[in-house]
Each structure stands twice: as C-alpha cells, then as structure tokens.
There are 2 protein chains.
Amino acid sequence: MSRRLGIPKGTKDLNLEAITQRNYITEIIREQFERFCFEQMETPAFENTGTLFGNYGEEGDNLIFKILNSGNYLSKVPHNVYKEKNSKVLSRYISEKALRYDLTIPLSRFICMNQHLLTFPFKRFQIQPVWRADRPQKGRFREFYQCDADVIGSTSLLQEVEFLQLYDAVFTNLSLPAQLSLNNRKILYGICETFGVEDMFKAFSVSLDKINKIGKDSVLEELKSKGISGEVCTNILEIVLFEGNNREKIDLLKTKLSSSPRGKEGISELEFIFKTVDQINLQTLDICLDISLARGLQYYTGSIFEVMAKGVEIGSIGGGGRYDNLTETFGSYGRLGGVGISFGLDRIHIVLEQLNLFPKTLLENREVLFLNLGEAENIHTLNIINRFRKNNINAFLFPEKTKMKKQLAYANRRGVRFVAIVGEEELKGNHITIKNMLTGVQTTVSEKDAKKLILNTLG
Amino acid sequence: MSRRLGIPKGTKDLNLEAITQRNYITEIIREQFERFCFEQMETPAFENTGTLFGNYGEEGDNLIFKILNSGNYLSKVPHNVYKEKNSKVLSRYISEKALRYDLTIPLSRFICMNQHLLTFPFKRFQIQPVWRADRPQKGRFREFYQCDADVIGSTSLLQEVEFLQLYDAVFTNLSLPAQLSLNNRKILYGICETFGVEDMFKAFSVSLDKINKIGKDSVLEELKSKGISGEVCTNILEIVLFEGNNREKIDLLKTKLSSSPRGKEGISELEFIFKTVDQINLQTLDICLDISLARGLQYYTGSIFEVMAKGVEIGSIGGGGRYDNLTETFGSYGRLGGVGISFGLDRIHIVLEQLNLFPKTLLENREVLFLNLGEAENIHTLNIINRFRKNNINAFLFPEKTKMKKQLAYANRRGVRFVAIVGEEELKGNHITIKNMLTGVQTTVSEKDAKKLILNTLG
C-alpha cells in the first residue's frame, strides 16, 4: 500500500538548520522577555469558535482554520439547516473549535477566565505557532510562530516606553539595526473628527493600513468610494503623509487637530513617549512618528508600533499597540488597560540570513562518529562512547559493520566533525584514533587526551 | 458585547510554573538526544488526511481532529453524497487536513518525501504537541507533548541498545528510577505460530495490549470471542504470563517456540540485546523481559519497549519499538529499517512532582521591582533598570505612581524577590535601597553594590 505523499499547502518541515536558527532568535527574545519580567504562558492550539470569531474583521475570520466536530457530527444539524447547503451556516453546527489565529485573543480569553486569580498589571509573554488559511507565498506560511509580550491592567504610558526599550534590547542583541514607527489611534480618530468624518474612522483606518501595499492613490479612491468627499480625502492624506522630522510632525498635528479633544490626547501621549525615550538612551532602535501608520486590527485604542529592519525591504518585523477595551469584550470586570508587542519571527529570520547576522559557529557540527569494526571492539567502543557523552561530547557508533569506506562516506555526508576509531591496535594500547574531519588531521591518543582534544577544538 | 468564555474541553493553559517544569524535563531530554547525535526536526501541526488515516487502527483514527476546508467547502460535495447526510462520508469531501496524532507518521511521510536528500541511518528527534479527541480524564489531555527519537535506515540491533542507553541517560539525569519492559513482536508472532493461530496475530496483540487495563480473564474472553479455542488461549496465556527472571523466561521461550522460525529470531534478538546491555553498565534503568508486552500500534515488527517509573502507579512513561516496514507503506524506495522511542512528558511531569524530584530552585522568583515614586525619579530609575538588565538582572518599574502600600502589595502578590527604591534621598546620595522580600532585610547601597548583592543572593 502506498499512500498519498506530500505536505499540506503553505506548511513546511523544519530541519536542524532552520530550528537552530529559529531557536537562536527565540532564545534572545525569550531572554529579554524575562529580563523585562514578563512571565511565560501557553494556551491551547485551538479555542472555542465563540472566542476567536469576530475579532479579526471579516477577512481575518475567513482565514481561521475550523476544526470539525468528532463522531457523528451531522446528527446535531437540524434538517432545515442542512437542506440549505450553506457552508457558512453549516459550520456553526459542525465546528465548535478553531486553530488560534494570533496570541492576543487567547490571552484576553485567559485573562477574563482567571481575572480573580491574577495580579495586575499582569505581564505575560508567549512564543507559540499560529495558523492562518492565507494564500501561501514567499515568506508567508499557514503555520508560523508569534512571539508576543503584553501587559494587562495598566494604562500607564510607561508601558509603551518599556516596550520600546524591549524592542531595543532584542534588536541590539540580534545586532539588527531597526526603525520603529510610532503613531496613535487617537490621532487618526482626531483627524477624522477634525474633518467631521469620525463615523468613518474604522473604514478610514482599514484603508490607511493598506497604504504601503496599494499606494496613496488607491487609498484615496477607496476612501472616496466609502463616501468621504474628495476634498476631505485630500486634506486628510496631506496630514497623514506630511514629511518632516518628529518635532515638525507633532507641531503640524497640534495646529491641525486643535479642535479635537481625542486628537490632542493622542498628541500628548506621543509627546510623553518621545520625551521619556529621549532621556533613556536606546542603543539600536530609531523611533519615528509615522502618521500614516494605522495597524489593521480594530481593537487598538492608543499607541501603535511597527518595526522595520534597516536596509532590508521585507515589511514589518514587529508591531503592536495599546488595546484598552479588548478584555472588556470578553467580559472582564471593569476595563483593564492593555498594550503589547509582537516579533515577526519568520521575517527576522530572513533578515538575519540576508544580512549574514547569524553567528558563524551556530551551525557547526559537534559530533564524533565511532566506526563499527565488529562485535568484539563494539562493546569496548560503546563504553568509551558512554564516557564521552558524560563529558558532554555528542558521540555515536555506526550501527552496521560495513566496509570502512562506506562508514567514512556516511561520516562525510552527515558532516560529522570527528571520526573515532577503536580497532585492534588501539584496543591493545588503550588508545583512540581521532580524525578531525575539517582539517584531516589524525592522531592516536589516550581516551583522556582524546576528550580533551575534542572539547578544545569545539571551544 | 460579552463573548462565550471558556477553554476547549480537554485542554489547559500553561502558566509559568507548568512551563518551567516542562522545560526542565524537555531540556534534559533534548540534551541527551543531542549527546546521542539525533538531529532535531519539526513537522507542521496538520497533515493531509491521506497521510494520517489508516495508521492507528479504527479507534485511533476516530480520535484524529479533522480540519474543515476553507471557504465555500460545500460546493465540492456532490449532491448525492450530501443527500446521504453521513458524517463519515461527508468528511472525505469537506476535510483535507487533520491535526497530527503522533510524531511517527509525520516522520515517515517526511522520510519518503525527502529520501533522496537524506543520509541514512537518519537519526532525528522531535519535541512537539500532538492532538487526540480522547475522552479527557485526570492526566490525559487532548493536547499534549511528545518527545520522540527515531533511527531510520538501519536494522542493526545496536540501535535498540543505543535506545536503552538513551532511556538510561535521561532517567539518570532526571534522578528518576525506572524499569524498562522489553519484548519482541516476533516472539508474540511465534507464540501464535506455535499454536497454529498465526492468522490471529493482529487480534491477539490488540487484546494482549489491554492486559494491564482489563486483566487476564477479560483478555481470555476476548481471545475466545475472536475465535481462538479455550485450550489454545490458556496455553498462550501461560507462556505470556510466566513468572521468572529474564534468563528463565528466555529458556521457557526457547523450549516452547522451538518450532517457530520467527519466534526463534525474536528470541535471538532479545538475547543479543541482553548480552550487550550486560556489558555496558546502565546506571538507572532496570531491564525486564515482559512477554505480555504487546504495544497497541500494528506497525511494530521487532523489539518493543515500555518504561515505568518505579514506585509510582501511573502507567508507562515511555515506549517505542522497531517498525521495519512503516516507511514502505508511504512509498519509500526499498525497505528502511526503523526504530524509535518516545517519552511520556505529561506523566514524567506528574511523577517528578509526586516524588519531589524537581530542583528546589527551579521556581524561585528572580525579579527586582522598582517602586514608582514619580516622574522626576522615574527617568533616573529607568536608566538604572536598563543597566541592571544589561547585567542579567530581571527588573522592572511599577507602571503607576500609586501609594507605596499598593505597590508593595503588588510586590508581595507577584512574589518578586527584591524591591528597589530610588527616592529623593537615594537620588542625592546616588544610592539604591534594596529589600530582600524573602528575608525582609533592607540595605541602601551604591548601584554597583546593589547589583552585586542581588546576583550573589540569586547565586
């Protein structure tokens, strides 16, 4: 019987190299999350559909992977519903769970389920895969890791400052030059308010979010088609796309949004953040006010961030923002301020590869292959290997007694760093012959010296 | 809007404590996997249904979580199929993917997709969650981690020996006394052959696998109901349940199975393993021949293992075996011998907890909370915190300027190890006041001494 081979569209197997590189990044992120006193948490791969749907906009909702109920799931579908043969309607009856789409909504669900047990401000981080039924393309997969840190239960702007420090610490440790765009949803609302189109705020921010993808003209057309007058559109885009330094942009906003209370609040939040950051010496991160930054998700209420790698055109490698009402929609008691950031692991991976920023030694092989010379020698060799391993040396015995040539070919193909031989001669003299496969140098030494040699070479 | 709260049945959120304990175990396992030169690999959370179904028996297949196709998935269902309203039949049309049920089948799929690129024997390990729609009960979840190591491409019994060493190394490092039951499917086949019921081998092994759950008498009844005569059943169970030491059991098998070539092969494999293991000094693991060990999965062809923790009644904490034909069913070129083992992470977790084997310091809080005394002090404090973090100290500033009492209450509830104060006095003298929250001791020292104090205390 031969089965259908293949891997699902948009997914990939990760080999040692890919995992080692990913772990290099996640370990740096995790370490900084801990330095900043975020506690690790994990949530299940799937959530109840009621938890997930309705948070990501219609487009997002369509990308959620639904899980089919188990057993005779059709028995619960009423006859008239089934007769309709409508996929959307039927789903509600045959699917109660779905794969998580991000880490923020599961966090909100967790917070509200455990509010009475938690200590607020609650700082958590989470590094787990998420799944989206997106059209696969280069660098975009249907399964990918997210690395999130969030604080729930504080409206202090010092949290924003801390997240900027956190981004700075991580990108410093990755040696990755990065620029953070900062904006505030209150400013975007203020802009709408100023021109009397605050009821269009949601539509406006959805369109604006696409400006880097579709360009200014298309955004203009979209806004017009949504019912905003051409003149207002032009005025709005003039503000949003104003070029200048942070100071000049803030001055412009102060002038333009002077009649919008919400807009002014946004400006003063921005100013606090800039003022504070100026006094705490970030090492790697440049921070720019980008009034055109909107962020797609509708739950953001204040500061929003997006990080780009300098010198690599790949889109954002991180983002986040403040969402002060989100947990309330899940039934938390009272309003719990929330703010969080995310690292785009796959893109950071690509950037580090392009800029050649992975440490040179990361993928070095550290293994010792002992050749198989026959049953008599093997017992002796197995005991040596055992002692090697106890000295933190990665070692193994070739399982078959085949020709030396074949075993060496295996060593080469696998790329082991050392080959070790314990043959008749070595057995007599209580020696081991060690061959460094990178230099080709071969030496016959005592077991103790062999271990020393290997550990010294590996550093 | 308040949504439906709750977490899907049979799943759990993991908090810092649970993750820290799990990581303690997986890091020990991972380290030994690397010592033994297994390469880490990861596969996607879901596979094509064609890959998964048909490997786990009917019971297993029913526990696989199917993923609903995206979009208008009903449009591809033929009218006559839909009309049937049969869950099983409909699934084939509306679900192309399913969550992985174990790590062995994805490995086999991977091997066959990449056979031309791999170097055999191929040694891989994998630590990832799997999902099963099992009835949830104490210690059994619908999402849980598996830790597997496998070698593909060698039929050498030295692989079995290596896996016994690997189990020994891991349980030694966990300080967990364990006993491994060893058997061989060829012996079970040999027993059937000896009594002329080799066509019942599969049914026999399925029933035998349940002997610890349902008892000897129920197994006897089940075998009879499957059509094996009462006398044969009694004879078979007499062998299977024979009590004695390993030597006595092997002697019994040699006598009883002398007419079964397959049985004799199994015995000689066992003998090789016992003989070799006797000469290589395992530290922690006892190895017992258990003729009643069957293992549920039908793909096993030779040696089978199961590990129990000594002194804790919880079932197996590890298991595995040889499956020399499995990749062939996925279309590999030629037969690739395979053998692998798995660690039961959740049960090991429970055992370590019961036996109090987690290191005492594992869950110790290592954080420093800086109190928030107002905007003027905060800038100074933020800079100190920054330097603390660069010295590998986990530290953060309380985000709100609230009453001291409230901030200290937070420190206590969160259980931080140190509270730090940089007030007016400290600012003047360039000092920090550090309070050790475990001892209550409070000291005012220079920044340098504060860092030293904290790092020394944490050890």
Compactness summary of segment A:307-459: radius of gyration and Dmax from Cα atoms, Å, are 25.6, 79
Given 37 °C, 0.692 mPa s and a Kirkwood radius over Cα pairs, the Stokes-Einstein diffusion coefficient of segment A:278-385 in µm²/s is 172
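Shielding by partners for A:274-284, please: the mean number of other protein chain Cβ atoms within 10 Å of each residue's Cβ.
2
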Taking a ≥ b ≥ c as the square roots of the eigenvalues of the Cα gyration tensor, with a/c under 1.5 meaning rounded and otherwise prolate when a/b exceeds b/c and oblate if not, segment A:207-351 is rounded
The farthest towards the positive end of the charge dipole of the protein assembly as shown, of the residues B:Phe120, A:Asn383, A:Gly440, given +1 on Cβ of Lys and Arg and -1 on Cβ of Asp and Glu, is B:Phe120
With a ≥ b ≥ c from the Cα gyration tensor eigenvalues, square-rooted, and the rule rounded for a/c under 1.5, otherwise prolate when a/b > b/c and oblate otherwise, chain B is prolate
Charge dipole of segment A:1-129 built from unit charges on the beta carbon (Lys, Arg +1; Asp, Glu -1), centred at mean Cα; most positive-end Cα among A:Val89, A:Gly6, A:Ala18 is A:Val89
Toy charge model, Lys and Arg Cβ at +1, Asp and Glu Cβ at -1: segment A:293-354 dipole around Cα centroid in debye, rounded to 20, equals 160
In whole percents, the bins of 10 Å from zero upward hold the Cα-Cα pairs of the protein assembly as shown as 2, 10, 18, 21, 19, 15, 9, 4, 1, 0
Quick calc, A:Asn72 & B:Asn72: beta-carbon distance into FRET formula, R0 25 Å, rounding 0.05, result 0.60
Taking Cα pairs closer than 8 Å and at least 6 residues apart, the relative contact order of chain B in percent is 15
Beyond 14 Å, the calculated P(r) of segment A:339-382 holds a percent of Cα-Cα pairs equal to 70
Once phi for every residue in segment B:109-122 is put through the Karplus expression 6.51 cos²θ - 1.76 cosθ + 1.60 (θ = phi - 60°), the whole-Hz ³J(HN,Hα) values, with Gly and Pro written as x, are 4, 4, 4, 6, 5, 10, 3, 5, 9, 8, 9, 9, x, 9
Given unit charges at Cβ for Lys, Arg (+) and Asp, Glu (-), the dipole magnitude of chain B about its Cα centre in debye, nearest 20, is 1800
Taking the alpha-carbon centre of each part, the distance from segment B:413-458 to segment A:188-263 in Å is 48
Segment A:266-308: spread of alpha-carbon positions along the three principal axes, whole Å, largest first, is 32, 25, 16
Taking chain A and counting helices only, DSSP H stretches of n ≥ 4 at -39,500 (n - 2.57) each over all residues, the nearest-500 ellipticity at 222 nm comes to -13000 deg cm²/dmol
The alpha-carbon center of segment B:294-347 and that of segment B:155-181 are separated, in whole Å, by 13
Segment A:134-171 scanned against label point 7 Å out from A:Glu353 along Cα→C-beta; backbone N under 19 Å for A:136-147
Given the candidates A:Ser292, A:Gly321, A:Leu363, the one whose Cα lies deepest towards the positive end of the charge dipole of segment A:219-370, counting +1 at each Lys or Arg C-beta and -1 at each Asp or Glu C-beta, is A:Gly321
Filtered hits (lysines, Cα-Cα < 16 Å from B:Lys216, offset >= 8 within chain) -> B:Lys224, B:Lys226
Using eta = 0.890 mPa s and T = 25 °C, Stokes-Einstein with Kirkwood Rh from Cα pairs puts D for segment B:40-158, in µm² s⁻¹, at 150
Here the whole-number average of other chain Cβ atoms within 10 Å per Cβ of B:379-390 is 4
Looking only at lysines whose Cα falls under 22 Å of B:Lys451's and that sit 8 or more positions away or on another chain, we get B:Lys390, B:Lys428, B:Lys435
To the nearest 20 debye, segment B:188-321 has a Cα-centred charge dipole, built from +1 on Lys and Arg Cβ and -1 on Asp and Glu Cβ, of 140
Relative to chain A, whose Cα atoms define the longest principal axis, helix A:345-354 and its Cα axis are tilted in degrees, nearest 10, by 60
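Where a number appears in this text, it was derived from the coordinates with a stated rule and is not lab data. Note that this is a predicted model, so its numbers are computed, not measured. Because the Cβ atoms are built from the backbone with ideal geometry, glycine has one as well, and the counts that use them run over all protein chains shown.
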